[in-house]
Structure formats: structure tokens, C-alpha cells
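Working notes, structure below.
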Amino acid sequence: MQRAILLAGGVAAALAIFFILSLYVIPQSFQQDAMPSMPEALVSKVTLSSRQITLGEPVSISVTGTNAGDEADMQIVSIGFPNLANGSDIEVVRHDFRQSPLLVERGDPVSGNYSGTASVLAQYPSIEVFSRPWEQGSTYTIDLQVRPEAEGDFVVYVKSVAFPHTWDGAHYPREGLVDYQQEFVESYSIEVTKS
Amino acid sequence: MDYFRQGSASLAYGSHRIFLVGSILVSSGILLAAGGGSWDITNHLLNKPETFFAPPHLILYSGVGTSVVGAVMLLTSSRSIGRIAWPAKLALAGVALLVSAGPVDFAWHSAFGLDGLFSPPHFVLVSGMVATSLGGLTSMMYYRSMSLRGAERMRLHPALIVIAILPLWLALSGVVDMFTLPFSKTVYFNFDPNPAAAVAIASTAFPFVIAACLCGASALSGRRFGVMSLTGAAFVATGALTSILPSDSLHSTIPFYLLGMIPIVAADAVMSYRFWRPFGIPVYAAGAILGVTFFMLYYPLITHTYNEFIDINRLVWPSVTAEIYFEMMQTVYPLLIAPSAALGAVGAIAANKLGSERKIL
């Protein structure tokens, strides 16, 4: 009987310690000590093969993204083409990202407001390429070739977003033009003339 | 006259050994396969691999290969008595499912690229794991029953108990994961579970599975202290190796994860003390204690299941998993303690009943 009481007491004490540690002490100390990860997304280089082309001619675009902050669980580089009707005129020549590029077509569900969850429909084609994870200080480059469909200004939007999106530095650019995803973009244009 | 036959369930002496080695290989293979599967889920979360030839798949399918070898040994050793014992048949059926899942999985990857957790080939694979691990466990018990008499017939060596129970536990957990984790939406299919149903299944099935497996391990050892703890420690080690260690941001939470051993050892002590009256008390108590550990033992993946129900728009990125989990520890887990204790008790009772000789062999 005495052994049973001792055992019951020991088990009760062990469970009390377990619950105090796991329900209160460890969660509290973790939340106090936890430093949020702060990745810093940058588009460090954008190169266009030409600022003026004739209709039917392709333009080469090279975009380099960098993470200047903490390691990102995922960082995306997005290159949008508001003047294209569909993605058939876009060709990925090469890239060194960890994952394969995705072609987003008009009407595809995409994320908005730096949330990472699909909430809006794409209004124009774009190439989204990402690395998961994207290490601190790492740089990845993608080279594309695009053939504009009409003469006039051919616009290219470039941006980069890092996740978790914990601060304003997790997206690039931090100000300027806003696209349909309610996210800032850097705009480049190429003049397309009649052949 | 055949001097090596001991009644209808006996094997020739050499075949006897082969049967045991086959059983061990069948179970060890599933242990590898399930561990590889768990690592694969983590790898998908961290690295989003795009090819079938990823290291976790290599471990998974080498585990399948090991089980195939074990099943062949069970088959050949059974043939010496002219009939195949039903545990061996179960293992063979499970292995057949595993083997058929491989090429289908490869074809599925080729056709649809990155797949989700729940896909037809994955379901066949996990079903095969459950059947094969159950076949391995019952084969070991069958082997034991051939040479011993009385209560000893149902007892296994502690190391064999761990090798037999752990793969079954991991495979059953894999089935629950498949129906609860929100990782099954792809470009082509959306097999994600309903968030409320996923929470209900996880809160019900995990406590039941933990208690059933650990109380089953204890029963197989004749309620010897240490065997339940050893099996629990093996599960915790597998979880730490496959779900926590691959993710740098979770390393600081390993001490927390190891805390899950406290209730397991406590339940083991309760279960192995032989003088409780009435006799059912230790089973209910141990089951209840084990049931409440489910929220810790299935960390970190369980965070995704509950987050989907609480805030579907919040993404559980690897680096914020611990933060979200510890928030849930204080808000969600207290509500789950009573039901998980009750379901743990039910799991322990079920294992105790199934563990009796009459019901199994």
C-alpha cells in the first residue's frame, strides 16, 4: 500500500513538472527569447539586352535577386509582363534558383499583399522563380527571352518578396509603383518599333 | 518421422530461425520506410524537392526493399510446413501493396510533378506499411508461440518489441497525418482535408494510437518496466531525427520535445506496478497519461493541422513553426487535455484486449 502511494505521488509530481514546463515555462521563455527572422529581399541587378527593338525581335532580360538579411524560408523573384496576353512568348533561358520557375498566366490565383496565400487572380503573365530556403547573402539569377506582341512601350515589372514577411525590408522595392497584387514593383520599359 | 515438428503451427528448426529473421527484416524495413516518409514530409516543407530521387525517397524505398527480403524469408520458411502462417500472409499482402506503390508513385510524379501528402500511390504505400508492420509484429509473436508455453508465449524480447511496435506506430501515424495535414493541394488536385475534420481526427486518433501502441508494447513484455519507455524513446528519437533536426530553426526546441518522455516513463511505472486493485486502474491511468502527450509527440507537424483550423490565412513557415506552436500550447492544448486523456484510456483498453493471446493468435 505504501509503495502504491509513493508511486502515485511520484507519478503526480512528474506530471505536474511536465505540465508546468510544457504549458507555461518553456512557451513563455521561447516567446520572450525568440527573435523574428528578418530576411531582406533585394533585386540587385536587372539587365535588358536592348532598350529599343523592332517588332518580332526578342529581348533578353536577366534578373538577379539577393537576400541581404536573415535566411528566408522562401524568397520569390517575380518578373511581370503587363503588355503580353499570354506566356507563350516568354522563354526561360537559364536560372540557378533552387526550384523551377513557374509561369503565371492571366487568371491564375496568386498571392497578394505580401501574404503568401492565394487571394487575387493574375491580370497578366509573369514568371515567378524562388529558392526555398534562400540563405543569408545568397544570390540567384534568371535569364529570360521575351518577344513583344505589339509596337509601343513594352513594360516589365520586377519585384522580390521574402517569407516570412516580417518587416518592410522583406520586399523589394519598398516604394513606388503598386501592381494588381498590391505589391511594389520596379518598372522597366523597352521601345518596340515597326520592323 | 520429423523430429522438428511441434504440432501444426511448428516449423523445422532452420526454418524457425529464418522465420524470425524474416519477421525482424519485415518490421525493420517498415521502420526505415516510415522514417524516410517522415523525413520526406519535412524535406518538402523545407526544400520543396522537385524530383523523385530525393534522399528521403532513397531511405523509404530501401526500407521497402528490406521488407521484401523479409517477406520472402517468411514465405520460404513457412513452406517447410506446407502452409503459410497467417501473419506471414499479412506481411506478404502488405509488401505487395508497397511494391505496387513504387512504380505508381514514380508515374504520378512524372505526370503531375510535385505531389501532395495524400495521393493514391501514397495511400497505397501507407496502407502497405500498416499491413506489413502488423504482419511483422504478429510474425514475431507467432514465432514465439511455436516454441514456448503458457504466458511466456506472448512475451517478446524488449528489443524485438521496439522493432515490432515502432514501425506500426509510425505507419498508423502516417495514416492519420495523411488525413489531417494540409499538404495535399497541388496544381492538379486538392486533397487537403477539411480543417475542422482534420482537427477532430487528429485529436481523436493520435491519443488513441499512442496509448494503444505503448500499452501494447508493455503488454507484450508482460508489463515489465522499461519496455514502454524504450518504445517511447525510440519514437521520440525518430521524431527528433526526421522532423526536428533537419530544420535549423527548430533545434532550440529539442529539449522541449524530449520532455514528452516524462509522461511516458510515468505511464510505464503505473502500468508495471502489479498490485493495483482493481486491476484495470493502471490500464486506464496509463492510457490517459499517454493520451495527453499527443500534442507534444507529434510536434512540429501538428502545428499545421491546428493552424489551418484557427487561422487559415496564417502560413506556418519553417522559421515561425515553433512560435505558432508555443502560442497554441497555451491557448489550444489546455482544451484538448481532457478529451485526449479519455481517448488515451480507450486506446489502452483496446490494446490490452487485443494483446490477450486468444484475440491475436
- Theoretical ellipticity at 222 nm over chain A - DSSP helices of four or more residues, -39500 (n - 2.57) apiece, nearest 500: -4000 deg cm²/dmol
- Note on the structure: Whole-Hz Karplus couplings 3J(HN,Hα) for the range B:256-265, θ = phi - 60° and coefficients 6.51, -1.76, 1.60, Gly and Pro as x, run 4, 4, 5, 4, x, 6, 4, x, 5, 5
- Message: For chain B, set up a GNM with springs between Cα atoms under 10 Å and report which of B:G35, B:G82, B:G216 has the largest fluctuation.
- Response: B:G82
- Ranked by GNM mean-square fluctuation in chain B (Cα springs under 10 Å), the top entry among B:T42, B:T238, B:T186 is B:T186
- Could you estimate the translational diffusion coefficient of the protein assembly as shown from the Stokes-Einstein equation, with Rh from the Kirkwood formula over C-alpha pairs, at 10 °C and 1.306 mPa s, in whole µm²/s? 61
- Message: If the reach is capped at under 27 angstrom between alpha carbons, list the lysines near B:K89, excluding any in the same chain fewer than eight residues apart.
- Response: B:K353, B:K359
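Please give the charge dipole size of the range A:15-131, origin at the Cα centre, charges +1 on K and R Cβ atoms and -1 on D and E Cβ atoms. Round to the nearest 20 debye. Could the numbers behind the result be given before it?
Working: 5 positive and 12 negative charges, 31 e Å.
In total the dipole reaches around 140 debye.
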- Task: On a C-alpha basis, how far is the centre of the range B:171-249 from the centre of the range A:164-186 in Å? Whole number, if you could?
- Result: 40
- Message: How tilted is helix B:333-354 with respect to the longest principal axis of chain B? Cα atoms for both, answer in degrees (0 to 90, nearest 10).
- Response: 10
- Item | 18 Å Cα-Cα reach of A:K45 towards lysines, excluding residues that sit fewer than 8 places from it in its own chain | A:K159
- Taking every alpha carbon pair in chain B and sorting the distances into 10 angstrom bins from 0 up to the bin holding the longest one, the percent per bin comes out as 6, 24, 32, 24, 11, 3, 0, 0
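Taking neighbour counts of Cβ atoms within 10 Å as a proxy for exposure, in what order, fewest first, do B:H157, B:H304 appear? Present the calculation step by step, with values, prior to reporting the outcome.
Values: B:H157 13, B:H304 21.
The order, fewest Cβ neighbours first, is B:H157, B:H304.
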- Cut-off under 5 Å, modelled amide H: who pairs with B:S119 long-range: none
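Please work out the ratio of the alpha-carbon Rg of the range B:194-361 to 2.2 N^0.38 Å and round it to two decimals.
Rg over 2.2 N^0.38 Å, computed on Cα atoms: 1.07.
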- With the charge dipole of chain B built from beta-carbon charges (+1 for Lys and Arg, -1 for Asp and Glu) about the Cα centre, the Cα from B:M129, B:F294, B:T253 projecting farthest to the positive end belongs to B:M129
- Task: Quick one: angle between helix B:227-239 and the longest Cα principal axis of chain B, in degrees between 0 and 90, rounded to 10, please.
- Result: 40
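Could you give me D for the range B:156-249, from Stokes-Einstein at 25 °C and 0.890 mPa s, where the hydrodynamic radius is the Kirkwood radius over C-alpha pairs? Units µm² s⁻¹, please. Provide the component values of the computation, followed by the final result.
Details: Rh = 14.8 Å.
In µm²/s, the coefficient rounds to 166.
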- Note on the structure: Rounded to the nearest 10 degrees, the helix B:120-147 long axis (Cα) sits at an angle to the longest Cα principal axis of chain B of 30
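Values quoted throughout were computed directly from the atomic coordinates according to the rules given, and no laboratory measurement underlies them. All of these numbers come straight from a predicted model, not from anything done at the bench. Virtual Cβ from ideal backbone geometry, glycine too; neighbours counted across all protein chains shown.
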